[in-house]
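Here is the structure we will look at.
What follows is calculated from the coordinates using simple rules that are stated; it is not laboratory data. Because the structure is predicted, anything quoted here is derived from the model rather than measured. For neighbour counting, all protein chains shown are included, and Cβ atoms are generated from backbone atoms with ideal geometry for every residue, glycine included.
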């Protein structure tokens, strides 16, 4: 039996899952250090949820092995379950009960006893900013409040490792920010978090490292900065006043670019990677002036995680205010 004081909270070696002829998870190798947040990104059907289900002992792998908190997820499943928390995509609370009653119920199910369950419920309500709503029925909670309560319920036993499977799906920006703040408080307390998400911004906000999964395989892994750097330096964005000038602007940007130019007609913007940022910027400004085009804005920036994801997977981008991809 491996000790639960291993340096890595999660280790995965050659892990795979097959349903008949369908390969849900091909070959995954991964190590996640203790006290970190690791995000798993990928398009729909990439294998993210399958991975979480295996690591949380809800699904047996077809091949390979995985250890969570030092214990094998197949041979020592009970030891794993005792040390993890899981927040799935769907609420696991009783809407007719209050927040405090729900947490008290979970505490009793974990054999904390009446006094211990009540104490733990009060601690979690306070931790997640729900103390003043503890007597309100869940059906009257906002979306963000409900997910914070879900998160609190997954922490009844103060787990070493927490699995968050798309924790903010369907929430408005305020609700999403509330959940992010709650996750950050866990990180500060030393909890290891494995996060799957359909929001690239979420990984950018929370994760120490990111794994991009496609067709059941990890195709990239690194810190957010490392993944952004993989696109090669800075990018320039040029926004013009008139949509009719966008094609000419794209031609100007292309002559200074180190890679393909993308255009966004809705925002009247042309973007491209550049190598020598100041030389490229000077060239673009000069040629725009020569062409009689007035730029509304010209900006140099690092690539976004959105652009990294699309570059790696070749997936279609679904653009909205949250820069969302389907996962």
Legend entry - Whole-angstrom gap from region 177-199 to region 1-75, using each part's C-alpha centre: 19 Å
Inset, instruction - Using percent of Cα pairs over 35 Å apart as the read-out, say which of [x] 25; [y] 33; [z] 18 was calculated from these coordinates. - result: [y]
Inset, instruction - Grab the DSSP H runs of the chain that are 4 residues or longer, score each as -39,500 (n - 2.57), total them, divide by all residues and round the 222 nm result to the nearest 500 deg cm²/dmol. - result: -10000 deg cm²/dmol
Inset, instruction - For each of 21, 139, count neighbouring Cβ atoms within 10 Å of the residue's Cβ, then give the residues from fewest to most. - result: 21, 139
Inset, instruction - With a point put 7 Å past each Cα toward its Cβ, work out how far residue 282 is from residue 255 in nm, to one decimal. - result: 1.6 nm
Inset, instruction - Please give, to one decimal in nm, the separation of the simple spin-label points placed at residue 7 and residue 111, each 7 Å out from Cα toward the Cβ. - result: 3.5 nm
Inset, instruction - Tally the DSSP beta bridges in the chain and give the antiparallel ones as a percent, rounded to 5. - result: 70 percent
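Can you put 310, 155 in order of Cβ neighbours within 10 angstrom, beginning with the fewest?
310, 155
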Inset, instruction - Provide 157, 145, 278 in ascending order of the number of other Cβ atoms located within 10 Å of each residue's Cβ, fewest first. - result: 278, 157, 145
Legend entry - FRET efficiency, 1/(1 + (r/R0)^6) with R0 41 Å, evaluated for residue 95 and residue 247 via beta carbons: 0.15
Inset, instruction - With r as the distance between the Cβ atoms of residue 158 and residue 184 and R0 = 25 Å, compute the FRET efficiency 1/(1 + (r/R0)^6) and round to 0.05. - result: 0.90
Legend entry - Ranked by how many other beta carbons lie within 10 Å on average, peptides 175-181, 264-270 from highest: 175-181, 264-270
Legend entry - Simple spin-label estimate for residue 299 and residue 275 in nanometres, 7 Å along Cα-Cβ: 2.6 nm
Legend entry - Estimated FRET transfer efficiency when R0 is 45 angstrom, pair residue 208-residue 291 (beta carbons, to 0.05): 0.50
Legend entry - Relative contact order computed over the chain (Cα-Cα under 8 Å; 6+ residues apart), in percent: 19 percent
Inset, instruction - With both partners inside region 62-206, how many of the DSSP beta bridges are antiparallel, as a percent to the nearest 5? - result: 25 percent
